[in-house]
């Protein structure tokens, strides 16, 4: 159990009628929140992984002379295959111990295991430096300099000195990652089915899907939309981080202070607000108070048409009062989990209706709509290449617009969509093959013409 009391953090477990207090974990939480300044939601997400690892370790202690690397490998293998942990409790009326399921860890994908591995290693390193010092881990300088090698105009190509690199770079992992995905292999919702998805959705989800798919919003950003973030006359929308006073939107008022002054909401402390994240702002130049970029005016018009039809509970009927737009029937804020359940239900219906898209629709989340935005922009660029760019649009500007619209600070984040336009792999390949064939034919014609000219000269 995890509790925060008067700025202190406490963690305890009760297993087999024994209470385990974990001061190391309490120290880890304090360091992450107070020193590292991590967000509360980020830390609590990590805690669920660490808690499962601790419960597993109580049942499977370190064996004699077993190195840490083998012990962690043992846990990751169990995590890959899935495992269950049972506890027992003595029932006096029955005069016997009754077992119940304490942890049911389903088999995890390699990418998920890699994330958990990094969290566990970070926990062990933060709380027990001596243990990790014995491994003499190298510094991950390659990762530190990634932005210099893969982005333009960021840092003007300047690199850190060797001393700074050793200070700021993270350690290499003890165990290599299970899975290294192909660069650009991002799970995107198939844009051919986006209109079908909108038809399945009710107005509330339809508005969320439009923000995520046609504006590249993350789900947490979409759920932080308030009733003050629309310009109905010019048909613009802003998404503002409730934990910031820097993103001013249409009204030019700091959102964090506004929520505290008008609604007495402290988004960093009060539930459920602290559980709905926001991450980085979109578009990138939020200081200029730019509204969201829409991939199509058709979707923008459709959004405001749906908005006009959607009947929302007024603030006066909400208890407690709040300005957030997406709510349940009782007036409470809508959660990411609730939207995800509906989205997965819609994907299952689409899989039945369009079985050839089953692989693309299987096990994707709402973030796939944001990826779809990037893929659509890359596809637009690819079509311009194949059509000969009749309007002479600068192709590099399409990527820059995508970067700005999605809030990417580095072009390397945008490149993953343009390095591999999924749905046009075959078409682009055939286009370049035909282009190459035409070049070869042209060269053959030039050679034949040259030979004929030389023969004609000899005859003279």
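The values are calculated or read from the model by the stated rules, or taken from the named source; none is laboratory data. As the structure is a computational prediction, the values presented were derived from the model and not from experiment. Positions of Cβ are backbone-derived with ideal geometry, glycine not excepted, and every protein chain shown enters the neighbour counts.
Just one of the numbered conditions (1) surrounded by fewer than 18 Cβ atoms within 10 Å (Cβ to Cβ); (2) modelled with pLDDT under 90; (3) touching a helix residue (DSSP H, G or I) at 6+ places or on another chain (Cβ under 8 Å); (4) not in a loop (DSSP other than H, G, I, E, B) is not true of residue 393: (4). Counting only helices (runs of 4 or more DSSP H) that sit wholly inside segment 1-120, those with at least 3 residues that are modelled with pLDDT of 75 or more, over 30 Å from residue 243 (Cβ atoms) and not assigned by TED's automatic domain parsing to the domain that holds residue 278 are 40-59, 68-81. When the criteria are applied in full, residue 345 fails the requirement of being part of a loop (DSSP other than H, G, I, E, B) and surrounded by fewer than 17 Cβ atoms within 10 Å (Cβ to Cβ).
Just one of the listed residues (316, 329, 345, 335) is under 27 Å from residue 293 (Cα atoms) and either out of contact with any helix residue (DSSP H, G or I) (no Cβ under 7 Å at 6 or more places or on another chain) or free of Cβ contacts under 8 Å to residues at least 60 places away in the same chain (or both), namely 335.
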